[in-house]
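Scroll down for the structure; my scribbles are underneath it.
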Amino acid sequence: MHRIALLFGLICFILAAAGSYFGAIYAVDRFERSTEAKLEQAIFLTGDDWSNIRANGLRIHLTGLAPNETSRFDLLKSLGKLVEASRIRDEITLLEEENLIPPKFSLEALRNDDRISLIGLIPKNSGRENILSAVSEISNDIEITDMLEEVDYPIPANWKKSLNFGLYSLSTLQRSKISISGEAIVVSAIADSQNERSKFERVLLKNQPIGIKLTMNITAPRPVISPFTIRFSKEDSKIKLDSCSADTKNTQAKIIAAAKRVGILQSENCKIGLGIPTPDWAEAVVMSISAVAKLGNASLTFTDSDISLIVSAETPQKTFDNVIGKLENDLPSLFSLSAILQEKELIDGENGKSIIPDFTATISPEGSVQLRGRLPSNISKNAVEAYAKSLFIGKSIYVQTRLDPNLPDGWPTRVLGGLEALAELNHGVLIVEPSEIQVSGVSGNKESTGKISRILSVRVGSKGIYKIKTNYNEKFAPKPKIKSAKLCETEINTIISNKKIRFDPGKVVINEDSLSVIKLIADVLRTCPEAKFEIQGHTDSSGSEELNENLSQSRAEAVLFELLNRRVLTSGITAKGYGSINPVADNKTEQGREINRRIEIKLIEEKLKNISRAN
């Protein structure tokens with residue numbers, strides 16, 4: 001009986017051991033198959049169909065013929081996110097050395113003031129930590145987004161030289177995108193002015209390394225000027241260039257040089273902009289300024305291709321005829337010259353004094369407008385008063401004019417043009433006389449002199465000369481119209497809901513069709529420069545979360561850089577990628593995934609309030 005019991009116990013033990021053994025084999029086999037399935041799915045998604053996976057317990061054997069070192073590295077990195085890297089046995093075979101294609105190393109740095117993003121593939125031995133250290137030294141408050149990837153591959157020739165120059169360019173340009181490769185650097189940046197742009201270009205060219213190709217795309221705002229004007233005058237020893245327009249730096253230099261040759265000692269401002277009427281602009285201006293020097297006291301006005309030249313009565317008729325005749329023959333065909341030799345003033349026979357009818361308008365610092373002097377009829381009087389009320393809204397208008405039917409032709413036009421010019425000043429005086437118009441006063445606009453000159457050129461033209469004397473006072477500078485931040489957010493959401501900001505699949509470059517959306521958003525953001533917004537990048541749930549987060553971050557920063565390119569003040573705007581953690585639709589359908597791949601722009605204050613309420 002005792003032997004039977006021992007035999008029965010031994011049989012039970014053997015059966016239990018066998019069950020455990022086969023159960024363990026089944027569990028291991030199931031674990032291996034589960035691991036292989038998960039990794040094979042990842043390989044399928046990355047497109048690395050040249051590789052094979054075999055699980056042996058906890059070890060994972062990775063085999064196959066890799067097309068290049070980069071593909072091998074990318075696959076190991078991708079699988080390392082799913083399982084412990086120490087479990088992977090790299091048994092991949094590379095193609096023969098002569099068939100190896102070296103990885104295309106590149107580094108792209110995006111800088112917006114004190115925020116810098118680094119994206120690209122770099123050689124492992126080029127010193128990732130050194131790059132981050134060099135970037136962090138640009139500013140104490142610098143914020144760095146590091147999305148660099150490394151490959152263990154020999155450093156290409158000129159890579160370090162190109163890298164060092166690229167980082168130097170990044171430290172010099174506060175709003176820029178620097179694209180670095182082994183043989184070339186592309187610098188895209190925004191300057192505040194044409195002068196600053198020229199300075200940046202000179203500095204970069206001076207420090208350009210030998211053997212490195214440099215491409216510069218540095219832009220500066222260039223306003224549209226209409227009409228193009230030149231206002232040059234000579235009165236005894238006083239020579240002035242009140243208004244000057246040029247289309248290029250070369251044109252500007254020619255005009256300034258011509259003005260200096262006839263007596264202007266200091267460089268005058270000549271505004272560069274778009275809108276020049278003819279390629280012969282500089283040639284015609286230089287000719288005309290030289291003519292003024294020969295005529296003595298005179299005033300020269302260009303309004304696009306129309307030229308008005310008013311010459312003092314003291315100039316001899318013969319000199320006037322010779323100089324004007326030569327100028328008319330030499331001017332390019334598109335220009336039209338109107339030259340007038342003033343008549344000497346009439347003298348009152350009784351007292352020997354000049355009879356000079358005039359019209360005067362003043363704006364006081366308190367805001368009252370007074371109109372005095374002569375007008376030819378009641379119709380013109382009513383028109384002048386009505387026009388003054390439309391120009392000086394909110395100001396008190398006092399009219400103390402009298403009628404004089406003997407005024408020169410075109411008098412009302414001169415008065416109305418003078419009033420329009422006076423409206424550019426915060427306070428000042430307008431004097432209209434038969435021979436000239438005088439405008440003087442104080443303005444909060446640095447460009448008031450040029451603007452007044454253009455107004456008078458259009459309204460008055462060749463019917464008289466005019467003198468302008470304005471002073472700038474910052475306290476009168478107009479305050480920009482600013483919308484509420486909430487209204488701006490609503491308008492931006494409306495724009496994005498009508499048309500999404502789209503990217504090419506798997507790319508961080510904004511689709512060409514979406515650049516119009518960026519322009520509309522930029523127009524809104526300029527109306528609320530103090531508001532703080534966050535550009536949010538979102539993806540669907542395809543791929544790993546780390547990959548999705550990096551992709552969404554890069555796309556959000558691409559939007560930020562495009563806004564920067566459109567002269568939006570971005571100091572209060574941040575870019576953040578949220579990956580796939582905030583879906584708004586079902587990721588199980590293609591339609592839902594398309595909806596989840598999106599860019600949103602949110603008020604930071606609103607986001608913080610929502611977080612606070614949630615807590």
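Between Thr278 and Arg87, what FRET efficiency follows from the Cβ-Cβ distance if R0 is 60 Å, with the result rounded to 0.05? FRET efficiency, Thr278 to Arg87: 0.20. Placing a pseudo-label 7 Å from each Cα along the Cα-to-Cβ vector at Asp114 and Asp141 gives an inter-label distance of 0.3 nm. Cβ-to-Cβ counts within 10 Å put Phe302, Phe105 in ascending order as Phe105, Phe302, the fewest first. The label point for Glu314 and the one for Ala293, both projected 7 Å from the Cα toward the Cβ, are 2.0 nm apart.
Given +1 at the Cβ of Lys and Arg, -1 at the Cβ of Asp and Glu and no other charges, the dipole of the stretch 359-476 around its Cα centre is 20 debye to the nearest 20.
Where a ≥ b ≥ c are the square roots of the eigenvalues of the C-alpha gyration tensor, would you call the stretch 229-341 rounded, which needs a/c under 1.5, or, failing that, prolate if a/b is larger than b/c, or oblate? Judged from the Cα gyration tensor, the stretch 229-341 comes out oblate (a/c at least 1.5, b/c at or above a/b). Amide H contacts for Glu150 (H built 1.01 Å from N in the peptide plane; partners 5 or more residues away or on another chain; cut-off under 5 Å): Ile122. Computed from the Cβ-Cβ distance with R0 of 41 Å, the FRET efficiency linking Ser237 to Glu366 stands at 0.65. Ordering Trp281, Trp159 from the fewest to the most neighbouring beta carbons within 10 Å gives Trp159, Trp281.
Each residue, Asp321 and Arg54, gets one label point 7 Å from its Cα in the Cβ direction; the gap between the two is 11.0 nm.
Below 8 Å between Cα atoms, with a sequence gap of 6+, how large is the relative contact order for the stretch 137-219 in percent?
Details: 95 pairs, mean separation 22.9, N = 83.
Computed value for the stretch 137-219: 28 percent relative contact order.
Here the stretch 106-219 is assigned +1 on the Cβ of each Lys and Arg and -1 on the Cβ of each Asp and Glu. Its dipole about the Cα centre then comes out at about 540 debye. Show me the GluC sites (Glu not before Pro) within the stretch 499-570 that DSSP assigns to loop and that have at most 15 other Cβ atoms within 10 Å of their Cβ. Answer by residue number: Glu530. Straightening the chain between Ala134 and Asp358 buys 73.8 nm, computed as 0.36 nm per residue apart minus the Cα-Cα spacing. In order along the stretch 391-406, phi translates into HN-Hα couplings of 7, 10, 5, x, 9, 7, 10, 10, 10, 9, 9, 9, 8, 8, x, 9 Hz, rounded to whole numbers, per the Karplus curve 6.51 cos²θ - 1.76 cosθ + 1.60 with θ = phi - 60° and x for Gly and Pro.
Tell me, what is the FRET efficiency for Ser542 and Lys576 to the nearest 0.05, using R0 = 25 angstrom and their Cβ-Cβ distance as r?
Numbers: r = 20 Å, r/R0 = 0.81.
The value I calculate is 0.80.
For Asn473, the residues whose modelled amide H falls within less than 5 Å of its own, excluding neighbours fewer than 5 places apart on the same chain, are Ser443, Gly444, Asn445.
We did not get these values from a lab; they are worked out from the coordinates using the rules stated. Everything numeric here is computed off the predicted structure, so don't read it as measured data. Glycine gets a Cβ as well: all are built from the backbone with ideal geometry, and neighbour counts include every protein chain shown.
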